[in-house]
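The values are calculated or read from the model by the stated rules, or taken from the named source; none is laboratory data. Note that this is a predicted model, so its numbers are computed, not measured. So basically every Cβ, Gly included, is an ideal-geometry build from the backbone, and we count neighbours across all protein chains shown.
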Amino acid sequence: MTILDKIAENAQNHPRRTAYYYEKPAGGGYKGDGEPPCLKARSVSWGDLNEQSGRLAYYLDKSLGTNTPVVVYGHKDPLMLVCFLACVKSGRAYCPIDVSVPPKRVDAVIREVQPEVILATEELSLSYQQILFAEDIRKIIETAAGEAARERAVAARDVFYIIFTSGSTGVPKGVQITRDCLDHFIEWGLTLGNLPETEEGRVFLNQAPFSFDLSVMDLYLSLYSGGTIWALDREIQGNMRELAASLKRSQAAVWVSTPSFAELCLSDPSFGEALLPDLRAFLFCGETLANRTAQRLLEAFPRADVVNTYGPTESTVAVTGVTVTRELAKEENPLPVGKARKGTWIFIMDEKGNVLPEGESGEIVIAGDTVSAGYWQDPARTGASFGTMEIEGNTCRFYRTGDRGYRKGEQLFYCGRMDLQIKLHGYRIELEDIEQNIMKLPGIRRAAVLPVCRGGQVRSLSAFVAVEETPEDAFAESQRLREALKRFLPDYMIPKKFIFLESLPLTGNGKVDRRALGGNML
Ligand code: AMP
């Protein structure tokens, strides 16, 4: 059954069950260790989610002239989910943008997508005529004359969502995921972690913002299986005491996050089975799951499965998975990222595209029925990374990941990147994206951003900048650059340290010599 049919069925079977629950900090947010602000609960039941999204879809269908994707801006208000479903029910892809994305970058995405309408569930200070804000959206839902007909919804080959990821040119690239891809991912995703069936529906924890594809894992596994999504606000995630309290209230059964977030939680001694007695599965994706982290989780949650999954946004969240048992954690360090799901083929290739035998390391190439339709309106970048190949008599799409890895039996092992993409606290970043944005600032001639690594993990970023005039006060200048960058880049992409130089060292072919700057990346 397709995701939209399943949502309609779930809404009919248990209309009053909570589909989505979110605690919004009210009253100015957290200030250091001061008094926490009061929390305002915002939720939507299955019945309301289905009806409200149907009514908003009816409006979109009747009022918009084209099928261009709709940008949905906000954080974790339940209205976000209503908007996502309304878009696809009206036959349009949605493009989620989180509030953590600064205005200039929101603007860049909007210029790429050219949406006919923007649905903003939070304040957005951009001057577009076509923005509908929360109160407009609520009024539309109240007054719509009906719900969109089922046949208006996106078809199997239509794009369901577009998620923008960091792009090396400084302009983010929009990964288009079709409904088919999503349906195929969900079918496999529900088999991860061996979860027992429940009468009341399971609670899925949502950590990632909706502009990251990791959130697709919790949103759609919960929506397909009739569960409840417990969404963690970004401010709550930044306050250990409130985070632990929220986790306790959640009664979550399925945990979906980056390993970094679980490591943060493990630093709190109360993080264990007593806090989350119903927890049965940790589903990880997006960055290396350290063997030690898996072992600590297995100790703290003896009844939960720890599952490592791997995949890029370009192949719908994840395509390999493995349950990390105590035995596996003892045998393998680093841990494998798992075996390919049914419908996915993993090839390890050399630079010429030759398939390498087991044990040899090369580029991980993913082929199969969850590979994206390509980057939004970007044939050059699509052509460079995507293609088709014949597998068992069928034409399959493939994606060159830029990841390095090798196979051992059925298991895939990940061993880093072939380019300048990194993961910092679970966020995917192209270092050149930051460099391009630094070079937009006045007085900067050239920039090179390098990751600062400890224990095999990226801990922070340092920017080496060639400046027209060496600043007298390097600290003050760094602060100024960081402030200026906030207009272009989300906080997690802003380098912690700036090093000012007259010029950057170059390699023989004129590229910045990152090794000479102390980096171990190409
Ligand atoms: P994203 O598109 O944000 O999901 O990032 C995808 C990239 O994250 C992949 O191409 C890998 O470089 C990295 N990644 C994803 N899953 C894992 C994993 N389980 N272990 C190590 N790296 C991972």
Given the structure, is residue 309 within 15 Å of the ligand (Cβ to nearest atom) and buried (at least 22 other Cβ atoms within 10 Å of the Cβ)? yes
Might you let me know whether region 35-58 holds any residue that is surrounded by fewer than 19 Cβ atoms within 10 Å (Cβ to Cβ), closer than 15 Å to residue 147 by Cα and at pLDDT 95 or above? yes
Name every residue in region 389-403 that is out of contact with any Ser or Thr (no Cβ under 6 Å at 6 or more places or on another chain), at pLDDT 95 or above and not small (Gly, Ala, Ser), in order of residue number. 389, 390, 391, 396, 398, 401, 403
Which condition number in (1) surrounded by 15 or more Cβ atoms within 10 Å (Cβ to Cβ); (2) farther than 30 Å from residue 273 by Cα; (3) of a type outside the set (Asp, Glu) is the one that residue 338 fails? (2)
Return yes or no: is residue 183 in a helix (DSSP H, G or I) and away from the ligand (no atom under 16 Å from the Cβ)? yes
Based on this model, can you work out whether residue 126 counts as among the aliphatic types (A, V, I, L, M) and either crowded, with 20+ Cβ neighbours inside 10 Å or free of Cβ contacts under 8 Å to residues at least 12 places away in the same chain (or both)? no
Has region 344-367 got any residue that is crowded, with 19+ Cβ neighbours inside 10 Å and aromatic (Phe, Trp, Tyr)? yes
Residues in region 53-106 that are farther than 20 Å from residue 7 by Cβ, touching a strand residue (DSSP E or B) at 6+ places or on another chain (Cβ under 6 Å) and without any contact (Cβ under 8 Å) to a residue 40 or more places away in the chain: how many? 1
Filter region 422-445 down to residues that are out of contact with any helix residue (DSSP H, G or I) (no Cβ under 8 Å at 6 or more places or on another chain) and away from the ligand (no atom under 16 Å from the Cβ), then give me how many there are. 7
Residue identified as away from the ligand (no atom under 16 Å from the Cβ) and crowded, with 19+ Cβ neighbours inside 10 Å among 141, 163, 177, 131: 141
Looking only at residues in region 250-264 that are within 19 Å of the chain's Cα centre (by Cα) and part of a helix (DSSP H, G or I), which one is farthest from the ligand (Cβ to nearest atom)? 264
Test for residue 218: is it among the acidic types (Asp, Glu), more than 16 Å from the ligand (Cβ to nearest atom), modelled with pLDDT of 95 or more and surrounded by 20 or more Cβ atoms within 10 Å (Cβ to Cβ): no
Mind checking which residues of region 282-297 are hydrophobic (A, V, I, L, M, F, W, C) and surrounded by fewer than 22 Cβ atoms within 10 Å (Cβ to Cβ)? 290
Return the pair list, or none, for Cβ contacts closer than 8 Å from residues in region 402-415 that are within 21 Å of residue 457 (Cβ to Cβ) to residues that are among the polar types (S, T, N, Q), at least 6 apart or on different chains. 402/385; 402/421; 404/361; 405/361; 406/361; 412/320; 414/288; 415/361
Among the residues of region 388-421, write down those that are among the polar types (S, T, N, Q), within 12 Å of the ligand (Cβ to nearest atom) and either farther than 20 Å from residue 367 by Cβ or loosely packed, with under 15 Cβ neighbours inside 10 Å (or both). 421
Please work out if residue 275 is surrounded by 23 or more Cβ atoms within 10 Å (Cβ to Cβ), under 23 Å from residue 201 (Cβ atoms) and more than 16 Å from the ligand (Cβ to nearest atom). no
Test for residue 318: is it modelled with pLDDT of 95 or more, assigned to a helix (DSSP H, G or I) and of a type in the set (Gly, Ala, Ser): no
Provide a single number: the residues in region 453-476 that are within 26 Å of the chain's Cα centre (by Cα) and closer than 17 Å to residue 500 by Cβ. 3
Here the qualifying pairs (Cβ atoms under 6 Å; residues six or more apart or on different chains; first in region 352-366 and of a type in the set (Gly, Ala, Ser) and within 16 Å of the ligand (Cβ to nearest atom); second in a loop (DSSP other than H, G, I, E, B) and at pLDDT 95 or above) come out as 362/350; 362/356
Given the criteria in contact (Cβ under 8 Å) with a residue 24 or more places away in the chain, at positive phi and out of contact with any Gly (no Cβ under 8 Å at 6 or more places or on another chain), does residue 207 qualify? no
Suppose we keep only residues that are more than 14 Å from the ligand (Cβ to nearest atom) and part of a loop (DSSP other than H, G, I, E, B) within region 321-351. Which one would you say is modelled with the lowest pLDDT? 351
So how many residues does region 68-118 have that are among the basic types (Lys, Arg) and buried (at least 24 other Cβ atoms within 10 Å of the Cβ)? 3
